[in-house]
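> Sharing a structure, written as structure tokens. Questions coming.
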Amino acid sequence: MSLSTIRSLWRNLLRKGEIERDLADEVRSYVELSTAQKMKAGLSETEARRAALVELEGVEQVKEQVREARAGYRFEVLLQDLRFAFRTLRKAPAFSSTVVLVLALGIGSTTLIFAIVNSVLLEGPPYPEAERIVTLWQRIPQEPRVSFSPKEFAEWQKQTQVFETLSFVVGTGFTISDRGDPELVIGRLVTPAMFQVLRTNPSLGRSFTESEANEHVVVLSHNLWRDKFGARTDVLGQSVTMNGEAYTVIGVMPETFAFEAPDAKLFVPASLASPIFAQHPDAHFLRVIGRLKAGVARQQLDAEVNLLGTRVDDPDDTASRRYFALGLKELTTGELRTPLLVLLSAVGFLLLIACANVANLTLARSSARQSEMAIRAALGASRPRLIAQLLTESILLASLGGAAGLAIAVWGLDLLRSFATQNVHELLRVRIDIPTLLFAFTVSALAGTLFGLGPAFSGSRGNFQGALKGATRSTNAAGRTRQILVFAEIAIAAVLLICSALMMRSFAALMGVDPGFRPADLVTANLVMTKERYAAAPTMIQFYRTSLDNVRKLPGVEAVGVVTHLPFGGNDWGNSFDVEGQTPPAGADYSAQIRPVSPGYFTTLGIPLKNGNDFTERDNENAPGVAVVNELVAQRFWPNESPIGKRIRYDKEWLSIVGVCGNIKHAKLDAESDMEIYVPYPQVPPAVMQFVGRDLNYVVRSSTPGAVSSEVRNAIRALDPQAVVKVNTMEALIRESTAQPRFRTWLIAIFSAFALTLACLGIYGVIAYLVTQRYKEIGIRLALGATRANILQLILGRTFKLATAGIAAGMVAAFFLSRFLASILFGIRTHDPLTFVAVPFALVVVALIAGYIPARRATRVDPVTSLRYE
Amino acid sequence: MSDKKSDLLQGTLDLLVLKALVAQPLHGLGVATRVNQITNGTFHPKPGSLFPSLHRMEEAGWLNAEWGESENNRRAKFYRLTRAGRRQLEAETRDWQRVSLGIAAALRA
């Protein structure tokens, strides 16, 4: 671009008026000179002038050609188009605001879901080269995912060839007692190598060195530092009392660090030499995570896993263990993939419907603008110019829709986050970031082009002569396009509605699952007996007895029981066990859930006792060992006889079965019940009690839950003022366990509602248009004796045909697509007949209602005026 | 009116216009006449293509435009070749010769 061109560009933009006058003068002067020339050749003045003008082929056309050749023309045109588009849209506020609103809903929803999908599925875990971070697990017949034991970890660490660093994590509770009220926080015991695996270092201070593996040092999470330590930079080197012992703070993790879960509030070093691991080399509670060496392929990893799996297994450990590796990303988001993709597809469909709707509106409007287009063409606008101008309007609308959509997405994200519970904590990580903005921008641009292109092309073509004369009849083609668009809208809406109906029924089935006990009116209180204050079994059992007695005596308490692993409380205890007289097949121990409970637990919870008796106070630590098993155990091992009196054992001592209770759901409503063995709390062996007996969960049945919960807390704290007591209700716990399915069902329901509304608007629009098209015809029919009812029938008949065509297509599509929902549907088949019949039926009714309004208007046509209608 | 058989490409028209202005400044109609003359009647550029060409070359700095008086005392806008324009003419002439030699060779083969 030369200096001269730049100067001209400047001049063209700023001195427009002057330049136009100059051009007009120049063209005029040309005509004069040409006329003079022709006169000299012998023509008369009028003939000469006429010839000169003919030769020019149109003054305005010539001027337009010059303008097109000027520097900065394109930019000027763009500005002009934008200004004009803005003015035009402002003059049609109903149309513009409807389009912007519809687009905003479509683009906003899509952007929101994309933001979630992006943060959760696409972005990996936020560690350098996170694809090399791998977790190791075992699978046994009873449990799909089991942690490692210290012995296995030690062996593995010695023999691995593919891992550059291997470390483990154990979750545990810490009571912080010297900073305000005593508070129980969940932390992690980690090997110092953990920080190399994640390649993330504290933002303040440092991480552990290998030599500190048994020292009392601690690294805080950002949130704990903020909440408990005042976010002060002088926190390093300070001491904090946890579980009765002094720890030194040596580091604080960055704010975005959320390993393994946001509830990990602090990190304490551990090594295999620590007593907790040395004393229980076969307990499976180590979560193993490691970083692979660079360049290790998946097959190499799998090969080593299979090989070492056979080596670290003890020959006498007959449980058939299969070892496998899971990438960190797979682990954290594996089960979210399908629901999120379903949501993304749903919202994509919604966007398509929105675009179809808007295209329809635009088409309707463009046919009304024929005369305007005709005048512009006459003034010298070429077809590309007209198309460009129409497209600018569409893109302007789409941009406004996109901007409004972004606002909706941001607002929607805030709304979702306020509903997010622990179970959907991934939502906390979601932000509207650059990729999401780019996505919103691209979607807006595509949407604008999509719905603008068709009308732009058809609007710039056409019989301008006729338009100038005043005839505004639209072509058949436009009408047909609109019907096809509505057909598509209805079909897509039908798919969306059928799928969301399936999901809603699935959720209803989930909520309707009988957990095996009565959750209503149940208050839960949780207490952790820390090692410092309850060193061994005797003190623990004593506290258990006294507190149970005290709580039982409280007013409003109808029944109370204690259990160490509360249903829906997030904990369980799986263990292998032996059955007297029945040996398990080689390589597969029997395994069940062991539940230490108090007498009265079954009655409090409402678990029916099918056979035998509950425990009593007499079943204490000095009495013979007893157990109550659930029906699954009874039917499995003693299908034809009573299990009462038979013996089982999970530790050294044989226990006699004294009762059989009903099965319950323990962890999730949609999971199968486990085999459960209940034992009296005081009879848990002292060595085992150290680990599994520290969690006391009181369940209290009361008709006044609110009053009772504070009473219970006070009663417990009266016995131990330092105790941290967390109170909740069973119903709340169960509700939390269904947070994720609830979340996605709600979202899809909202999208379907939008889609249905849009589809109805589409139907209304097209039928109204149809009626205007056939005004004359309707008038003639009425004049010839048709009744209002006949007309109504005629119009509704058209509506019916249009709707059923779309709904049928949607049903077929849904039939094929619903299989993708299989993994997230519970209690309902992907081709559930009731849904596939009821939803289309309801849709037809809704469609008929949508078409009813214009149909009724059709019946009110006055035959006389209609005949004059053009 | 241009001959149907010899529709001018924009670049070729530019070349002819530059050449037409070598001798003296001319107004629009004058350029059209001169081009007709020097091409022995083969081309007579229409205003619809001539004016855009003139204006574009003026913006590029190859021509200067000034209002003046025509031979019969009417106001007209005259275009004059600048030094840059002369250089452009030389360059385009060389190009054209190269191209036409190449095409001629192709046609002979």
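The values are calculated or read from the model by the stated rules, or taken from the named source; none is laboratory data. Please read all numbers here as calculations on a predicted model, not as lab measurements. Cβ placement follows ideal geometry from the backbone for every residue including glycine, while neighbour counts extend to all protein chains displayed. Calculation scope for accessible area: heavy atoms of the full protein, side chains included, ligands and nucleic acids excluded. Shrake-Rupley method; radii C 1.70, N 1.55, O 1.52, S 1.80 Å.
> May I ask for the distance between the Cα centers of segment A:321-370 and segment B:72-91, given as a whole number of Å?
62 Å
> May I pose another question? Which value in deg cm²/dmol, rounded to the nearest 500, describes the helix-derived mean residue ellipticity at 222 nm for chain A, given -39,500 (n - 2.57) per DSSP H run of n ≥ 4 and division by the residue count? Please report the intermediate quantities before stating the final value.
Values: 29 runs with 462 residues, N = 870.
Calculated from helices alone, the mean residue ellipticity at 222 nm is -17500 deg cm²/dmol.
> Which percent of the accessible area of chain A is formed by carbon and sulfur heavy atoms (probe 1.4 angstrom)?
58 percent
> Moving to a separate point now. Averaged over its residues, how many other protein chain Cβ atoms are within 10 Å of peptide A:49-55's Cβ atoms?
Values: counts 0, 0, 0, 2, 0, 1, 6.
Other-chain Cβ atoms within 10 Å of each residue's Cβ, averaged: 1.
> Straight-line reach from A:Lys16: which lysines fall under 22 Å, measuring Cα to Cα and dropping same-chain residues less than 8 apart?
A:Lys63, B:Lys77
> Would you give the gap between the C-alpha center of segment A:597-636 and the C-alpha center of segment A:756-804, rounded to a whole Å?
Using only Cα atoms, the two centres lie 71 Å from each other.
> With contacts defined as alpha carbon pairs under 8 Å and 6 or more residues apart, what's the relative contact order of chain A in percent?
Across chain A, relative contact order equals 14 percent.
> How big is the B-A contact in terms of buried accessible area, both chains counted, 1.4 Å probe, rounded to the nearest 100 Å²? It would help to have the intermediate numbers written out before the result.
Details: alone 7510 and 41550 Å², together 46860 Å².
When B and A are taken together, about 2200 Å² of accessible area is lost.
> Not counting ligands, DNA or RNA, and with a 1.4 Å probe, what is A:Cys355's accessible surface area in Å² rounded to the nearest 10?
10 Å²
> If you take the alpha carbon radius of gyration of the protein assembly as shown and divide it by 2.2 N^0.38 Å, what ratio comes out, to two decimals?
That works out to 1.39 for the protein assembly as shown.
> In straight Cα distance, which lysines are under 22 Å from A:Lys293, not counting same-chain residues fewer than 8 positions off?
Within the straight-line cut-off, A:Lys293 pairs with A:Lys158, A:Lys329.
> While we're looking at this one, here's another question. Per residue, how much accessible surface does the protein assembly as shown expose to a 1.4 Å probe? Answer in Å², no decimals. Don't skip to the end; give the middle numbers.
Details: 46860 Å² over 979 residues.
Value for the protein assembly as shown: 48 Å² per residue.
> So what's the gap between the Cα centers of segment A:676-704 and segment A:236-302, to the nearest angstrom?
Value for the Cα centre distance between the two parts: 28 Å.
> Okay, next question. Could you pull out the pairs from A:Lys531/A:Lys668; A:Lys610/A:Lys652; B:Lys19/B:Lys46; A:Lys265/A:Lys668; A:Lys610/A:Lys726; A:Lys553/A:Lys726 whose alpha carbons sit more than 22 Å apart here?
A:Lys531/A:Lys668; A:Lys610/A:Lys652; A:Lys265/A:Lys668; A:Lys610/A:Lys726
> Count, for each residue of A:14-23, the Cβ atoms from other chains sitting within 10 Å of its Cβ, then give me the mean as a whole number.
Mean shielding by partner chains, rounded to a whole number: 1.
> A:Lys776: which lysines have alpha carbons under 29 Å from its alpha carbon, excluding same-chain residues fewer than 8 sequence positions away?
Qualifying lysines at Cα under 29 Å: A:Lys469, A:Lys801.
> Less than 14 Å Cβ to Cβ from A:Val342, Lys/Arg counted +1 and Asp/Glu -1: what total charge do the surrounding residues give? Spell out each step's value before the answer.
Working: positive: A:Arg337, A:Arg744, A:Arg819; negative: A:Glu335.
Charge balance near A:Val342 sits at +2.
> Now for a separate question. Taking each residue in A:26-38, count the Cβ atoms of any other chain within 10 Å of its Cβ, then average. What number comes out?
Details: counts 11, 4, 1, 9, 9, 2, 6, 11, 5, 1, 5, 4, 0.
Mean shielding by partner chains, rounded to a whole number: 5.
> A further question on this structure: When ranked by the protection proxy of mean other Cβ atoms within 10 Å per residue, highest first, what sequence do the peptides A:606-614, A:452-460, A:228-236, A:102-110 form? Could the numbers behind the result be given before it?
Details: A:606-614: 16.8, A:452-460: 20.8, A:228-236: 13.3, A:102-110: 26.1.
Top of the packing list down: A:102-110, A:452-460, A:606-614, A:228-236.
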